[in-house]
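A short worksheet on the structure shown next.
Nothing in this text is a laboratory measurement; each read-out follows from the coordinates by a stated rule. All values derive from a computational prediction rather than experimental measurement. Neighbour counts run over all protein chains shown; Cβ positions are idealised from the backbone, glycine included.
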Amino acid sequence: MRKSIKFICWIYLIIFLIMIGYLLKTYFYDSHSFVANPMNPRLSQSYEGVKRGSIYDANGDIIAEDVKQEDGSFKRVYKNAKYYSHVIGYTVNGKAGVEAKYNFRLENVSNEFFQRVGNLFLKKDIEGDSLVLTIDNNLQEIAGKQLGKQKGSIVALEPSTGKVLAMVSNPTFDSNEVSENWAELNSDEENAPLLNRATQGLYPPGSTFKIITAAAVLASGGEVVDFEMDCDGDERFGHSVIHCYDGKAHGHVDLKSAFAKSCNIYFSEIGIKMGAKNLKDMAESFGFNKNIGLALEYSVSTFPMSENAEEREIVETAFGQGRTLTSPLFMAMVTSAIANNGMMMQPYVVDHSLTPSGGVRNRTLPIKINQAISPEIAEKVKELMCEVVNSGTARNASFSVSRKDDVLSGKANSEISGKIQVAGKTGTAENPQGDDHAWFVAFAPAENPKIAVAVLLENAGKGSNAIPAAREIMKEYLENY
Amino acid sequence: MTDLFIIISKYLFILYITVFVFAGFMINLSRQDIIKINIPMALSNQRICIILFHITASIVLITSSFETDLIIYCVLGLALIILGSFLAIKIYPNSSHLLYNCIFFIMDIGLMMLYRLNSELGQKQLIWNGIGVFMLLICPKIFSILPRLDLFKKVYIIIAFALLISTLIFGFASGGSKNWISFGPIGFQPSELIKIFFVFYLASAFSKNTSIKNLIKPTILSGIVVILLVGGQNDLGSALIFYMTFLVMLFISTNNYLYFFGGVAFISVASNIAYQLFSHIRVRVEAWQNPWLDVANKGYQIAQSLFAICTWQVTGIGFTRGYANSIPVVERDFIYAAICEEFGIIFGVFLILIFMLIILEGSRGAIENKNKFLSLVCFGLTSIIAVQSFLIIGGVIKFIPLTGVTLPFISYGGTSIVISYILISIIQWIKIRNEIYSSDKRENISKARKINRKKERKPDLMDRPESFNRKRRVRR
């Protein structure tokens with residue numbers, strides 16, 4: 001009997017120890033995946049008398065900070081607000097953007113004991129942690145200026161990590177004056193200024209989708225890769241007629257020249273030849289219909305075509321019309337994946353937190369989402385995209401970087417100078433709202449990609465209209481790399 | 001200034017509980033002669049920790065909301081702890097003082113947490129604790145004048161069934177289970193009281209003859225109790241506690257591993273069948289498997305609990321600063337999550353260790369006793385505390401599916417509190433009867449031997465069941 005009691009007693013103790021182990025495992029390992037859940041009321045914490053953390057760009061320039069008022073309270077002040085408003089968001093009327101999603105960190109008082117003691121004896125402010133973004137102030141400003149008054153969006157990513165280097169959306173608003181203009185901002189349905197078009201705007205991808213169709217063809221192997229045909233500018237598929245842009249006849253085309261010239265008829269033909277399943281598999285491999293894991297508000301890009309779709313839908317989907325919808329950020333991610341040997345990276349805008357005493361906390365590590373395509377196929381698609389710039393629809397995308405002084409003095413990276421090989425794809429997206437949307441996605445330098453850009457200009461006509469904005473951003477970035 | 005004190009208090013609380021638990025395990029090691037420490041000194045250090053905990057927590061509460069009620073509450077709480085532990089060790093010098101310290105500490109953690117969550121419930125809880133401590137002090141005296149308790153197994157089981165059936169007829173539901181009876185304004189949970197009778201019944205049934213024939217009847221009756229709890233009252237947690245207690249008592253009285261592992265296998269199969277049959281069980285299991293699928297509804301409770309436990313740093317957010325009121329029934333089932341949130345996860349781990357100390361003390365009482373009946377009662381009651389605290393802490397941290405039972409001495413609930421104290425008082429009574437084996441007062445061992453000799457001269461009937469059996473046989 002004593003032995004049995006000891007046995008059971010040991011079982012109890014061991015089970016309790018396992019329970020402690022489970023508790024610690026949940027706390028130290030599993031909790032990262034759920035404490036940021038929006039149902040956690042602790043995320044919206046705010047303490048009176050605590051100076052909310054500031055927000056800096058990648059170079060350490062202040063974008064948002066709490067400024068002490070005469071009565072001792074704090075007021076949030078934003079610099080360069082019109083370029084940053086969608087990323088940063090606001091703290092009034094229900095928060096948005098980084099201010100909302102990273103509220104917990106901004107209000108989190110690190111080393112609270114010492115800060116409280118400092119406050120008591122030295123009257124120092126008690127501060128929350130600051131955030132350092134991945135966004136480059138310079139690039140953000142250029143992107144904003146490139147958009148000007150044009151509705152649309154520009155996103156620039158670092159392909160190897162998923163860092164968002166620039167993200168602008170137009171029409172915009174001023175984070176400083178959200179409270180005052182709240183009614184107006186919400187009622188303006190035509191411009192929807194509060195909508196972050198970069199992440200929440202969904203548009204037909206137009207011919208930029210041919211990147212995915214081409215990848216699907218290359219991945220499917222077989223004869224369809226070597227398919228060649230003569231393009232007359234229009235062709236009948238079943239009951240509908242497909243046109244190339246402006247009804248232009250491209251003559252004899254293969255995959256390379258059809259991609260460079262953006263021949264819709266060629267892509268319709270290979271779309272049918274390879275079948276809906278190959279196309280759908282490839283689209284989903286790139287992450288259509290899936291969450292992308294961005295910390296900001298975003299819409300999921302959708303690819304609703306089913307495996308047994310009708311011919312008409314396959315044809316339209318293959319060259320980027322149909323029912324497919326994508327956000328500018330998502331097209332930038334697809335482009336980055338081609339640049340990054342086929343690996344999709346999770347995009348992120350906050351690089352790390354800074355404690356008031358300057359300690360680095362919570363550094364974001366790049367996360368791989370999925371190997372969308374093999375490195376070999378990524379290399380082939382990259383060649384196709386180079387051809388678009390060298391001989392196809394995006395010839396004005398190429399540029400040169402000249403900065404002899406910096407190279408000679410050893411300040412700059414000598415690899416990136418002279419003429420830069422750009423890889424890109426234009427797109428002209430027909431849409432029910434009016435004139436075509438202009439798309440351009442690109443990355444550079446093609447041999448060692450440092451930046452990928454997606455430009456979308458609403459109702460701006462053909463895709464080549466979007467090229468200059470992308471070119472200026474890539475040029476600016478590489479000149480200062 | 002208040003905030004600064006709350007931050008300092010976070011570290012103080014962890015210091016107190018660390019010293020307390022460390023002393024507790026040291027005492028255990030010392031009794032095993034692995035190390036040598038001054039046991040009375042360690043015990044009084046523990047008492048100091050409890051009092052300091054109470055004072056620190058009181059100051060935090062009072063500085064954040066200065067009310068007369070609160071000051072009275074804190075003073076009465078302090079008086080209850082000091083007076084309770086003083087009287088307990090004065091009246092019962094040969095009881096387990098470590099066990100008293102453990103329950104006074106966790107009781108105080110519960111009192112402080114409850115007042116902060118809901119001051120009205122806190123005040124009621126203080127009254128219940130007062131009654132409980134009173135029971136703790138008088139029960140061993142009452143039990144020692146009672147006649148031989150192993151002779152009334154029919155009485156125990158009849159009372160148990162009477163309580164169970166009256167709950168089925170007159171009971172009302174609160175919090176999902178139909179396990180309440182009301183006496184005027186006071187609600188009462190008979191299943192808590194049944195625990196004691198159930199253990200006494202099984203102990204008297206198993207302490208005699210453990211041939212298979214004699215095991216069948218108690219097994220069937222226990223089965224009916226468990227089925228009535230699950231089917232009639234929808235009280236899954238209590239049913240599990242009763243089943244495990246039965247199984248453990250069956251095993252230790254027969255020493256048959258087959259029964260134990262067979263019983264564990266049986267409950268696994270039965271749970272699986274119950275999972276297939278009953279949708280409300282399925283809902284609970286699904287909420288446990290992945291609460292994140294439906295955080296707004298099915299997974300809400302468990303998700304809110306995990307948020308509370310995991311959002312802050314290891315030292316917690318600080319007493320009174322948490323968001324625990326976002327968890328449904330935080331004062332009862334989920335109080336452990338609130339403790340982890342405000343006192344920190346380190347504190348939460350140490351709290352589990354205190355429950356382990358209680359289990360060790362109870363088991364020691366059972367091992368040291370020579371009388372089979374008393375050993376069985378002691379370990380049965382210990383098992384109830386062990387299984388119950390495991391079920392609720394495990395449920396709150398998503399280790400096992402949630403079954404709504406109270407955390408002994410901490411959760412709000414009058415019946416639960418008073419009965420928990422009675423359980424401990426019975427364990428203490430058994431330890432007192434057995435004081436020669438207790439080594440808390442090692443320096444008094446010669447005195448204890450003297451007492452023991454006196455006892456040998458005047459033998460207690462309870463310690464000699466064999467002789468009694470012989471007499472009965474003769475009579476037959």
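Over the Cα atoms of the range A:155-314, each weighted equally, I'd like the Debye log10 I(q)/I(0) at q = 0.09, 0.12, 0.17 Å⁻¹, rounded to two decimals. Values, matching the q order: -0.43, -0.70, -1.07. Near the amide H of A:TYR348, within less than 5 Å, lie the amide hydrogens of A:LYS163, A:VAL164, all on another chain or at least 5 residues away, with H placed in the peptide plane.
Other residues with beta-carbon under 14 Å from the beta-carbon of B:PHE197 carry, at +1 per Lys or Arg and -1 per Asp or Glu, a net charge of +1. Would you mind checking A:LYS163/A:LYS450; B:LYS217/B:LYS370; A:LYS210/A:LYS462; A:LYS248/A:LYS419; A:LYS290/A:LYS368; A:LYS3/B:LYS370 for any pair whose Cα atoms are more than 22 angstrom apart? With Cα atoms farther than 22 Å apart: B:LYS217/B:LYS370; A:LYS248/A:LYS419. Globularity index of the range A:269-354 is 1.24 (Cα radius of gyration / 2.2 N^0.38 Å, N = number of residues). Full extension of the chain segment joining A:LYS6 with A:ASN111 gains 33.2 nm, where the gain is 0.36 nm per residue of separation less the Cα-Cα distance. Between 0 and 90 degrees, the angle of helix A:210-220 with respect to the longest Cα principal axis of chain A falls at about 80 degrees. When a/c reaches 1.5 or more, the comparison of a/b and b/c decides; with that in mind, is the range A:121-173 rounded, prolate or oblate per its Cα gyration tensor? Oblate, since a/c reaches 1.5 and b/c is not below a/b.
Modelling each spin label as a point 7 Å along the Cα-to-Cβ direction, I'd like the B:ILE224/B:LEU87 distance in nm, to one decimal. Taking the simple label geometry, B:ILE224 and B:LEU87 are separated by 4.0 nm. For a distance above 17 Å, tell me the whole-number percent of Cα pairs in the range A:411-481 that qualify. Distances greater than 17 Å cover 44 percent of the Cα pairs.
When a/c reaches 1.5 or more, the comparison of a/b and b/c decides; with that in mind, is the range B:230-313 rounded, prolate or oblate per its Cα gyration tensor?
Here the range B:230-313 falls in the prolate category.
Dividing the mean sequence gap of close Cα pairs (under 8 Å, 6+ apart) by how many residues the range B:187-342 holds gives a relative contact order of 13 percent.
Distance between the modelled labels on A:LYS123 and A:LEU195, one decimal in nanometres: 5.1 nm (7 Å Cα→Cβ projection). Note on chain B: the C-alpha convex hull projects to 23.9 nm² when averaged across all orientations. Placing a label point 7 Å from the Cα of B:SER144 along the Cα-to-Cβ direction, the residues of the range B:94-137 whose backbone N falls under 20 Å from that point are B:94-101, B:133-137.
Within the shell of other residues whose beta carbon sits under 13 angstrom from the beta carbon of B:ALA337, the net charge comes to -1, with Lys and Arg scored +1 and Asp and Glu -1. Taking the Cα atoms of the range B:332-431, the ratio Rg/Rh between the radius of gyration and the Kirkwood radius comes to 1.01.
Taking the alpha-carbon distance from A:LYS82 and a cut-off under 16 Å, which lysines remain once sequence neighbours fewer than 8 residues away in the same chain are dropped? The reachable lysines, counting only those whose Cα sits under 16 Å from A:LYS82, are A:LYS145, A:LYS149, A:LYS151.
Looking at the range A:12-138, the pairs of alpha carbons with a distance over 25 Å make up 39% of the total.
Using only alpha carbons, the protein assembly as shown has a radius of gyration to Kirkwood radius ratio (Rg to Rh) of 1.11.
The three principal axes of the C-alpha atoms in the range B:298-369 carry coordinate ranges of 46, 28, 17 Å, sorted with the longest axis first. How high is the relative contact order of the range B:145-251, in percent, with contacts defined as C-alpha pairs under 8 Å that are six or more residues apart? Contact order relative to length: 28 percent.
Quick check: from the Cα gyration tensor, does the range B:107-196 come out rounded (a/c under 1.5), prolate or oblate? Intermediate values should be presented prior to the final figure.
Details: a/c = 2.93, a/b = 1.26, b/c = 2.33.
It is oblate, given that a/c is not under 1.5 and a/b is not larger than b/c.
Calculate log10 I(q)/I(0) of the range B:271-311 for q = 0.25, 0.29, 0.35 Å⁻¹, where I(q) comes from the Debye formula with a single equal point scatterer on each Cα and nothing for solvent. Summing over Cα pairs of the range B:271-311 leads to -0.77, -0.90, -1.08. According to the Cα-based calculation, Rg over Rh for the range B:178-317 is 1.07, with Rh computed by the Kirkwood formula. Binning the C-alpha pair distances of chain A at 10 Å intervals from 0 yields a P(r) profile of 4, 18, 26, 22, 15, 8, 4, 2, 1, 0 %, listed from the shortest bin outward. Each stretch of four or more DSSP H residues adds -39500 (n - 2.57); spread over every residue of chain B, this sum gives -24500 deg cm²/dmol at 222 nm.
Near A:GLU127, the amide H atoms lying under 5 Å from its own belong to A:LYS51; only residues 5 or more places off or on other chains count, and H is placed 1.01 Å from N.
Net charge of the neighbourhood of A:ASN137, taken over other residues with C-beta under 12 Å away and scored Lys/Arg +1, Asp/Glu -1, is -4. Taking Cα atoms only, the orientation of helix A:264-274 departs from the longest principal axis of chain A by about 80 degrees.
Between helix A:137-147 and chain A, what is the angle of the helix's C-alpha long axis to the longest principal axis, kept within 0 to 90° and rounded to the nearest 10? Long axis of A:137-147 versus the principal axis of chain A: about 40 degrees. Remark: the range B:50-59, residue by residue, has Karplus-estimated 3J(HN,Hα) of 4, 5, 5, 4, 4, 5, 4, 4, 4, 4 Hz, where x stands for each Gly or Pro and the curve is 6.51 cos²θ - 1.76 cosθ + 1.60 at θ = phi - 60°. Under the criterion of Cα pairs below 8 Å and six or more residues apart, the relative contact order for chain A equals 15 percent. Given R0 = 30 Å, the distance between the Cβ atoms of B:MET41 and B:ASN255 translates into a calculated FRET efficiency of 0.20.
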